[in-house]
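First comes the structure, then the notes that go with it.
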Amino acid sequence: MTTTDVYDERCEQLFLAGGLAGVRRTATQGLDEAGPHADLYCWLAVAHASEDDDDHDTEAERAFRRGLALDADHLGLLAGYAELCLRSDSFDHPGRAARAGELTRRLEELAPDSAENAQLRAAHRWAGRSYWQDLRMSAAEAAVKRRERETRSDEIAGALKGRGPGEARAAARAAAAARPDDRRAAVLADTLEALSGPGTGWLRWAARHRAEAWAVSFALSALTSLLLRTTGVVHGFGPWGLLWTVPMLLADARLTSVRKEAERLAVARLEARLSGSEEAGSATAPATTAEAGA
């Protein structure tokens, strides 16, 4: 396996784990060590473009163009650059937006049946969506995020069931150690670690009983609004009853923050492990060669 292949594989693993910053660091390190290569420029560009930020988009375009200068027929670079151009504002970046058509035609000519071209076609459909399609997609994304929060709460509740925070944390650490490639187990272990500290009992309770707590919050909100209206304190249904939802909103926000930090730690460990394994391999190779010569 060449040096470029090693960095390419590391970038792929980090990207799948959601470590965009790690992908950029790894791709840049690979370019510095192995020299210019279209695949590494592709990873660097995609990791910038995935941030969906103007500054990152500028860096992504620079990486796409450098990669295409090395390999004008690179399918990943063509598809990624075309997607970036498609989502660019034609007023702020007219030149970038205008290049989408040319890149799309080039990819269609080179590989009409490729996965990259299929993905680009989907991006074209998304770019041409109607208002109602956009609204439905936003609702679907909100539903997915809600299910993800529920799944995370279920995982925490399952880990804490019948156990104290210390015991649950130790069990999660043991499970993560037994499955070093299981990112989900590592994230759960780090989450329980954060929820085992002082002053986090209410968060553990909120995670274990999230559905019930939200149901009670909404019921109290409706009851409070009704009582305030019937007693003449307020006219109509005001926002005061919604104050009952504030504790759960705070709990959800805190749990999300804890989860994101746990995911960041998991990606950092993966990056360190990949970097360490490569360094170990580089150190072992000369020794093995010397032993063979001896």
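Once the C-beta distance of residue 138 and residue 214 is scaled by a Förster radius of 25 Å, the resulting FRET efficiency is 0.75 to the nearest 0.05.
By the gyration tensor of its Cα atoms, with a ≥ b ≥ c the square roots of the eigenvalues, what is the shape of the stretch 144-293: rounded for a/c under 1.5, prolate for a/b over b/c, or oblate? Taking the square roots of the gyration eigenvalues as a ≥ b ≥ c, the stretch 144-293 is prolate. The alpha carbon centroids of the stretch 40-68 and the stretch 133-177 are separated by 32 Å.
So for the stretch 144-293, taking the charge dipole from beta-carbon charges (+1 Lys/Arg, -1 Asp/Glu), which of 153, 241, 201 sits furthest toward the positive end? Of the candidates, 241 comes out farthest on the positive side. I need the shape label for the stretch 1-87. Rule: rounded when a/c is under 1.5, else prolate if a/b > b/c, else oblate, with a, b, c from the alpha carbon gyration tensor. The shape class here is oblate. At 0.36 nm per residue, minus the direct Cα-Cα distance, what do residue 154 and residue 233 gain on full extension? Give it in nm, one decimal, please. Here the answer is 24.5 nm. Along the positive direction of the dipole of the chain (beta-carbon charges: Lys, Arg +1; Asp, Glu -1; about the Cα centre), which of 274, 16, 262 reaches farthest? About the Cα centre, the residue reaching furthest to the positive side is 262. With θ taken as phi - 60° and the Karplus curve 6.51 cos²θ - 1.76 cosθ + 1.60 applied, the whole-hertz 3J(HN,Hα) list for the stretch 104-118 is 5, 4, 5, 5, 5, 5, 6, 8, x, 9, 7, 5, 5, 5, 5 Hz, x standing for glycine and proline.
The stretch between residue 21 and residue 55, if pulled fully straight at 0.36 nm per residue, gains 10.8 nm over its current Cα-Cα span. Extending 7 Å from Cα along the Cβ direction at residue 34 and again at residue 256 yields two label points whose distance is 3.8 nm.
Potential lengthening of the chain between residue 170 and residue 184 amounts to 3.5 nm, from the contour at 0.36 nm per residue minus the alpha-carbon distance. About its Cα centre, the stretch 3-127 has a charge dipole of approximately 220 debye under the convention of +1 per Lys or Arg Cβ and -1 per Asp or Glu Cβ, with nothing else charged. Shown here: Cα extents along the principal axes in Å, derived from the displayed model; of the candidates (1) 58, 43, 37; (2) 84, 59, 31; (3) 65, 55, 40, it corresponds to (2).
Per-residue Cβ neighbour counts within 10 Å put 4, 104, 231 in the sequence 231, 4, 104, beginning with the fewest. Which net charge results when you count Lys and Arg as +1 and Asp and Glu as -1 among the other residues whose beta-carbon is under 13 Å from that of residue 100? Surrounding charge for residue 100 is +1. About the centre of its Cα atoms, the stretch 1-64 shows a dipole size close to 260 debye [charges on the beta carbon of Lys, Arg (+1) and Asp, Glu (-1) only; nearest 20 debye]. Sorting 5, 92 by the number of Cβ atoms found within 10 Å of their own Cβ, with the fewest placed first, yields 92, 5.
The ranking of 15, 218 from fewest to most other beta carbons within 10 Å of each one's beta carbon is 218, 15. In a simple Cβ point-charge model (Lys, Arg +1; Asp, Glu -1; nothing else charged), the chain has a dipole of about 1780 debye relative to its Cα centre.
Taken together, the values in this text are just the output of simple stated rules run on the coordinates, not laboratory data. All values derive from a computational prediction rather than experimental measurement. Ideal geometry is used to build each Cβ from the backbone, glycine not excepted, and the neighbour counts take in all protein chains shown.
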